[in-house]
Structure formats: structure tokens, C-alpha cells
Amino acid sequence: MGQLEAYQGVATIEKVAALCRRRAFVFPSSDIYGGLGSAYDYGHYGVLLKQNVKAEWQRAMVQEREDVVLLDSAIILHPKVWEASGHLAGFSDPLVDCRTCKLRFRADKLDDARCGRKPSRHPGETPDCDLTEARQFNLMFETSIGPVRDEGSTAYLRPETAQGIFVNFKNVTSSMRVRPPFGIAQIGKSFRNEITPGNFLFRMREFEQMEMEFFVPPGEAPRWHRYWVEERRRWYVELGIRESHLRERVHESGELSHYSSATSDIEYLFPIGWSELEGIANRGDFDLSRHAAYSGTKLEWVGHDERYVPHVVEPAAGADRAALAFLVDAYDEDEAGGETRTVLRLHPRLAPVKVAVLPLVGKDAAMAEKARALYEDLRRVMQSEYDDSASIGKRYRRQDEIGTPWALTIDRQTLEDGTVTVRDRDTLAQERVPIDGARALLLDRLNAPWSPRG
Ligand code: GAP
């Protein structure tokens, strides 16, 4: 059995999407109107998971470094930004229509698409398929600024967060103590009118990016490019993605984006096959030079005895796509207490809820009182849940499904000797610890290194 077949045995996009819907991670957007295939809404646990993904990115990219600063730029930028960046002229995919089944396809991805007629084949493969010539379709969403809609009011929702960073290069270098090599990091929504969105959170029309532009002296770009490929790969592994599910794919010269002189994708073995998780590009001086030319503002680094246009290395990740990879990698089914259980083996720092506090007998007033006091203490420092309904087995199972790494159970013995059991989601081991030390113990474990299978 190949690696992909073996992997598909456990997690499929369908199973993960069903769990996400059932347990309030992700809902189809505009669900009561039949959904909008290209957009999703995050429920309670999904919001917490995605927030944790973004917080871990910011921790690694900014907090634990001295050479990267933050930015949060507007979504709608001056329309000239997209002229200068090349997006207006070149950010397009080739589109074909089928006159028979009326579906639209990306001309360069016909092998991944299914035609609208039965038996389903790739578009163009049946005698009935009647495809138009390919034409370029710009992926930017258009809108207009102000009450009068005319040519001069046209604006665009940003298709990448990167350009907001380039146009702030001067603001940042003149207001912060930075010098190359240094980076500007930004997390925010981007919008692309994708021809074929799909595969759940993998390709949407509205999504969140986590991008960092790293400005370096021109000769140093190749070295930093390699550095950031390794750093970003390490980040995914540290947060629990199996190394065997990650690989680097170097772009061939014919597929490079208009701004890039070298790009490596970090690919993840999604259940749909190896696909891009994050791209790391060497953008050279393309963006700063173009914005300087189009705006008439010099965008360069001026040191004591040097002056140059920095080159840019860009690690560009997607928050939703990363969340999907973490969910897929964590998804597991095994046996516990003689039953099949679904469990999300998420890294504790990514888990939406860190701890559940459970009185063994919910109706026992003394146990419930102790459990609530512990829960109220814990929730001040970490996302916690209190649950006193249903059998203890069912309550454990509920927490396993949302990936809660630890459950603290208050039982008769707690009332006698002040200890609680800590149940571990992955090993199912239970140990007794003093109730007073539970908070410090969990905080320690939350910050300890962790690997996927214990
Ligand atoms: N600034 C460079 C840039 O935007 P990209 O490879 O087009 O590069 C970077 O996008 C990352 O953004 C991708 O690796 C992916 O994780 C995420 N991404 C891009 N398009 C997406 C979409 N339609 N839906 C979800 N995530 C997307």
C-alpha cells in the first residue's frame, strides 16, 4: 500500500469536515441558504483552533525573534498598488467553459477536475465535452469606493497581504529600529475569486494569510531563502505534523510567479495528495522597485555608508490551510473502553480547550462544588470546560473529539485526600496529583515539547 492510500484509511477530507460541523469547528457559510461553496464560518472550537495557529505563528515569527516587527494594513489599498504589483495585469488563471455541461474549469488543472456529465470523466475526455478556448480570468475581487460607481472608483479586495507590507516599507523603516536583515509580518484576510474553490478549507475565496516579508542585502537572498524554508518546516514539525507528511517542492522556472526568482513550496500530504501548504519565495527587489517607480517615492535602505534596494524573502502561509493540515494530521480513530473513539491528537498549544474538569458524579453536591472551584481557577489561565452531564466515558469521548489534551476528574477520593486524576488524551493514562498543584502541572505540560504519538 502506498503512503497516500495508507493515510487515507484514517483521515479523509469528508470525515474531517463532518467532525468539524458536528463539533462546532467549521460550518458551511450561509448554511440556511444552502451554503456558499467557497466560504466557511468558524464555530466556537474552530475560532479557538485558528486563533492558536495564528498565535503560534506570531510567537515563532515575532515574539521569539528580534528582527521581525508587526503590521496590520488595510484590505482595500490604493488601486495603483495592484498596478505596480503586477496583479492587475498578471494575477489570473486560464479559464475554460464547457458549452455542454455549463461548468467552468481551470485550463491548467483539467486533470484534477471532473466533468459535469455521467459517467464523470476529466473535462474534454468525452465526445460530448465542448470546451471553449482558454481565456485569462483575473482573480481579484472588484469593488468600488464611494457612492458613485464609475471608472475612477474601482478598487480591489487584496489578494495577498504582502503588498500592504511593501507600501509601508518607508513608514516602518523610519519609525522602528530595524536594519536589514529584518522582517515585517502580517496576519489578515485575503480574497481571490478562485475558479474552482474546494476541498473544504483548502481553497476558498475568502481566507486568512500569515505572511512575512524579510528584507535583506541583495547578495544574501539565496542564503535567507534556504534559512526560511528550514525554519518554516521546523515550525510545522514542532507543532505536531509528522515529518513524513511534509516535503519541499522547488518550483521549476516555468511555473514561477511573476515576482519570484525562486520559490519552494512546503507541501503536506493532504488526503487529496501532496499539495502546497506554504510557499517561500525569493521576490528579489521586484516589489520595492515597482512601488518606487509607480509612487515616485524612493524605497531603499540607507545606512552610514551604503544605499541599496533590499531583496525580499517571503514565507507565505495560510491560516485556514494550516488549520486544515493540523486537523487532518491529528485526526485518529482508535479503541478506548471497548468502543471506537474519534480523537484529535492536536498539539496541546493548538488544542481549542486545554483541560476539562469533570465531577465523577455530577449530582454529588460536594464533588460538583470542588470541581467548579477548580474549573474557575483554571479558566483564568487557560481555555477550560466544566462538564457534569452524561456518563464519565461519554464526557471523555466528547473531549477527545475536540482534542482536549487533559481531563481532571473529581471523585470520592478527592473529597478525602485532596487529589484529582489527570487523564491523558493520547495515552489514556490516569495519574493522581494534588489538586493544589494541578494548575502548575498543566502549565508546565503546555510549555513542554510534544510529539504526535506520545
Ligand atoms: N504573497 C504570496 C502568496 O500569496 P500564495 O502561494 O498565492 O503566495 C500563500 O499564497 C499561501 O496562502 C498558500 O500557501 C496557502 O496556504 C494560502 N492560500 C492561497 N490561496 C488560498 C485559498 N484560495 N484558500 C486558502 N488558502 C489559500
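The values are calculated or read from the model by the stated rules, or taken from the named source; none is laboratory data. Source: prediction; values computed, not measured. Positions of Cβ are generated from backbone atoms using ideal geometry, with glycine treated the same way; all protein chains shown enter the neighbour counts. Ligands, DNA and RNA are stripped out before the accessible areas are found, and what is left, the full protein with its side chains, is counted by its heavy atoms. Shrake-Rupley method; radii C 1.70, N 1.55, O 1.52, S 1.80 Å.
Please report, ordered by residue number, the strands (runs of 3 or more DSSP E) entirely within the stretch 395-454 with at least 1 residues that are touching a Leu at 6+ places or on another chain (Cβ under 9 Å) and surrounded by 19 or more Cβ atoms within 10 Å (Cβ to Cβ).
Counting at least 1 such residues, we get 406-410, 419-424.
To keep it simple, each residue is scored yes or no on (1) of a type in the set (Lys, Arg); (2) open to solvent by 10 Å² or more (accessible area, probe 1.4 Å); (3) within 14 Å of the ligand (Cβ to nearest atom).
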site	(1), (2), (3)
Ile165	no, no, yes
Asn168	no, yes, no
Met176	no, yes, no
Thr196	no, yes, yes
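Restrict the check to the stretch 119-135 and report whether at least one residue is modelled with pLDDT of 95 or more and among the charged types (D, E, K, R).
Looking through the stretch 119-135, none of the residues is modelled with pLDDT of 95 or more and among the charged types (D, E, K, R).
For the stretch 131-160, name all the residues that are surrounded by 13 or more Cβ atoms within 10 Å (Cβ to Cβ) and over 31 Å from the mean Cα position of the chain (by Cα).
Across the stretch 131-160, the qualifying residues are Leu131, Ala134, Ser153.
Quickly run through the stretch 327-374 and pick out the residues that are surrounded by 21 or more Cβ atoms within 10 Å (Cβ to Cβ) and over 25 Å from the mean Cα position of the chain (by Cα).
Answer for the stretch 327-374, where residues must be surrounded by 21 or more Cβ atoms within 10 Å (Cβ to Cβ) and over 25 Å from the mean Cα position of the chain (by Cα): Ala356, Val357, Leu358, Pro359, Met367, Ala371, Leu374.
The conditions are (1) closer than 30 Å to Val302 by Cβ; (2) near the ligand (Cβ under 10 Å from one of its atoms), and Phe191 fails exactly one of them. Which is it?
All conditions pass for Phe191, except number (1).
With the checklist (1) in contact with a Ser or Thr (Cβ under 8 Å, 6 or more places away or on another chain); (2) among the hydroxyl-bearing types (Ser, Thr, Tyr); (3) within 12 Å of the ligand (Cβ to nearest atom) in hand, flag the one item Tyr331 doesn't pass.
Every listed condition holds for Tyr331 apart from (3).
Residue by residue through the stretch 208-238, note down the ones that are within 16 Å of the ligand (Cβ to nearest atom) and more than 22 Å from Asn168 (Cβ to Cβ).
His225, Val229, Glu231, Arg232, Arg233, Trp235, Tyr236
Kindly state which strands (runs of 3 or more DSSP E) lie completely within the stretch 188-278 and contain at least 1 residues that are among the polar types (S, T, N, Q).
206-216, 262-270
I'm trying to understand the selection: among the residues of the stretch 242-292, which are near the ligand (Cβ under 10 Å from one of its atoms), within 17 Å of Phe91 (Cα to Cα) and within 24 Å of the chain's Cα centre (by Cα)?
Ser257, Tyr259, Ser260, Thr263, Gly279, Ala281, Arg283
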